[in-house]
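J.: One structure coming up, written as structure tokens, with questions to follow.
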Amino acid sequence: MENQDVYFIDGVRTPFGRAGEKGVYWNTRADDLIVKAMIGLLERHPNLPKEAIDDVAIAATTQQGDQGLTIGRTASILAGLPQSVPGYAIDRMCAGAMTSVTTTGSAIGIGAYDIALAGGVEHMGRHPMGFNSDPNPRFLAEKLVSPDALNMGCTAEKIHDRFPHLTKERADAFAVNSQKKAAAAYKNGLIQPDLIPVSASGANGWGLVTQDELMRPESTLEGMQGLKTPFRAHGNVTAGNASPLTDGATISLLAGDKAIEQFGLKPKMKMLSFAFVGVEPEIMGIGPIPATEKALKKAGITIDEIGLFEINEAFAVQVLSFLDHFDIKDDDPRVNQYGGAIAFGHPLASSGVRLMTQLAAQFQANPEVRYGLTTMCIGLGMGGTIIWENSNYRGN
Ligand SMILES: CC(C)(COP(=O)(O)OP(=O)(O)OC[C@H]1O[C@@H](n2cnc3c(N)ncnc32)[C@H](O)[C@@H]1OP(=O)(O)O)[C@@H](O)C(=O)NCCC(=O)NCCS
């Protein structure tokens, strides 16, 4: 085996839908979502022989029912991959797809694999967060974690407590900006090229889902102000400044130098480093800070060299804590240029690859930018970051 560089060749996703009975995917199985995404991705690369794929890693946070049964393997069979292509399931909650990418990417890096598919799916309508989970009573009895650690909205309220200068007004303004940026990106046709339409049956029969369902382009600061604070009386976190409950799937194609040459693949970005780090579970949203510091160190670059940031917006306040730490303005144009999870939604284990797909699109549009990062917070107190180099980089 020979070490090789690891590249993100391409990434796509289903349009994201509202979780629950009113959502476009209420009657659609989770495994069908990821299968549609996989077929869509492979159709974009007709010259890639399917038998050349070394492995398929698919993440889901709730691994039961239509998200269970080793979904990487079942989805591969359903997507028509040859039987010789293996697959497996991954779980690191919100960073599931990110971990699919780092895990298969690592296998490519040491030369064990040449090509892999990595992604994730979460149908939060069919699999509500935490449903059927059975946390060990020791967690609370022995005060291993605070009760707040088990409710993500409460962890966001805790960040407001910890950093009082990250006010609700700032969180609301960040959220409105996310909605506006997402609407502008849609208007300019920047999101649609990487969406794989999904046929789904709803109250009015079958239809084709071609765009994200949850966006609220009409959002205003005034409209945000009166919203309920479901996680705490008189709190700061609302449906407006949190990511909504979402159904969706994402998938990426990763390859090493050898396969790029052999199959004529065109890379969009190179993986430079990655890191996952644990933090206090009750303020899990700050996880991206130490993860980014560690990943930057491994890549041998500084935060000032990062030209584009894709930060998962689980909650506005946790993104603000990241920006505040690195002395980046709330509305810095390098951050989430096409909008984020507050607008598009956050189908937990699939979001990591949405960040990469959007970063890759921005890299293509900005060949003067050399480095970017994707980062996200993770339940029970973790953060994950990948540092990427723009394959379209043309120097300044
Ligand atoms: C916050 C949360 C509880 C809200 O759930 P919900 O109440 O079902 O959300 P809704 O979409 O019905 O929105 C609630 C209200 O806010 C309004 N609203 C939502 N976003 C708005 C916006 N941008 N502007 C104005 N109003 C808005 C809705 O219209 C709705 O109003 P209504 O009650 O008059 O109908 C839910 O989205 C949530 O749990 N999010 C976090 C998910 C999470 O933890 N993910 C993991 C992260 S680690």
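J.: Only helices at least 27 Å long along their own axis, judged from Cα atoms, and with Kyte-Doolittle mean hydropathy of -1.0 or greater: name those in the chain from DSSP H.
T.: Sorted by number, the helices that extend far enough and score high enough are 168-187.
J.: If I take R0 = 25 Å and measure r between the Cβ atoms of Glu169 and Asp304 in this structure, what FRET efficiency does the formula 1/(1 + (r/R0)^6) give, to the nearest 0.05?
T.: 0.35
J.: Which sequence of Val353, Val24 reflects their accessible areas, 1.4 Å probe, from the largest down?
T.: Result of the area sort, largest leading: Val24, Val353.
J.: Take the Cβ-Cβ distance between Asp327 and Gln83 as r, set R0 to 56 Å, and report the resulting FRET efficiency rounded to the nearest 0.05.
T.: Taking R0 as 56 Å, the efficiency between Asp327 and Gln83 is 0.60.
J.: Given a 1.4 Å probe and every protein chain left where it sits, what share in percent of the accessible area of the range 8-150 is carbon and sulfur? Intermediate results must be reported in sequence, preceding the final value.
T.: Numbers: 3080 of 5940 Å².
It is 52 percent, rounded to a whole number.
J.: Then there's this: Going by amide H atoms built from the backbone, whose H comes under 5 Å of the H on Asp212, apart from near neighbours?
T.: Phe16
J.: For the range 221-366, what percent of Cα pairs sit more than 19 Å apart?
T.: 61
J.: Now, a different point. Just to compare against my own numbers: the Cα pair-distance distribution for the range 63-155, 10 Å bins, whole % per bin, please.
T.: 14, 36, 29, 17, 5
J.: Give the relative contact order (percent, whole number) for the chain; include only Cα pairs under 8 Å separated by 6+ residues.
T.: Relative contact order comes out at 27 percent.
J.: Ordering Lys270, Lys258 by accessible area with a probe of 1.4 Å, largest first, what comes out?
T.: Output order, biggest surface exposure first: Lys258, Lys270.
J.: Would you please classify the overall shape of the range 134-209 from the alpha carbon gyration tensor, given that a ≥ b ≥ c denote the square roots of the eigenvalues, rounded means a/c under 1.5, and beyond that prolate means a/b larger than b/c while oblate covers the rest? Don't skip to the end; give the middle numbers.
T.: Working: a/c = 3.61, a/b = 1.53, b/c = 2.36.
Oblate.
J.: Here is a follow-up. Once you order the gyration tensor axes a ≥ b ≥ c over the Cα atoms, which shape class does the chain get: rounded for a/c under 1.5, otherwise prolate or oblate by comparing a/b with b/c?
T.: rounded
J.: Tally the DSSP beta bridges in the chain and give the antiparallel ones as a percent, rounded to 5.
T.: That works out to approximately 70 percent antiparallel.
J.: On to the next question. Would you mind checking the pairs Lys168/Lys294; Lys36/Lys258; Lys266/Lys294; Lys168/Lys298; Lys258/Lys298 and listing those with alpha carbons more than 26 angstrom apart?
T.: Long pairs (Cα-Cα over 26 Å): Lys168/Lys294; Lys36/Lys258; Lys266/Lys294; Lys168/Lys298.
J.: While we're here: With the Cα gyration tensor of the range 18-93 giving a ≥ b ≥ c as the square roots of its eigenvalues, does the rule (a/c under 1.5 for rounded; else a/b larger than b/c for prolate; else oblate) give rounded, prolate or oblate?
T.: oblate
J.: If you don't mind, another one. Give the calculated FRET efficiency between Glu368 and Thr229 to the nearest 0.05, with a Förster radius of 30 Å applied to their Cβ-Cβ distance.
T.: Calculated transfer efficiency: 0.10.
J.: Also, I was wondering about something else. Taking Rh as the Kirkwood radius, which is the inverse of the mean 1/r over Cα pairs, what is the Rg/Rh value for the range 1-141?
T.: Values: Rg = 16.1 Å, Rh = 15.9 Å.
Rg/Rh for the range 1-141 comes to 1.01.
J.: Just the number please: accessible area per residue for the chain, 1.4 Å probe, all protein chains included, in Å². Could you put the intermediate results ahead of the total?
T.: Working: 16090 Å² over 396 residues.
Value for the chain: 41 Å² per residue.
J.: Suppose the chain between Ala112 and Glu142 were pulled fully straight at 0.36 nm per residue; how much longer would it get relative to their current alpha carbon spacing?
T.: Result for the pair: 6.6 nm of gain on full extension.
The values are calculated or read from the model by the stated rules, or taken from the named source; none is laboratory data. None of the values given here were measured: they were computed from a predicted structure. Note that each Cβ is placed from the backbone with ideal geometry, even for glycine, and that neighbours are counted across all protein chains shown. Only protein heavy atoms, including side chains, enter the accessible area calculation; ligands, DNA and RNA are left aside. Shrake-Rupley method; radii C 1.70, N 1.55, O 1.52, S 1.80 Å.
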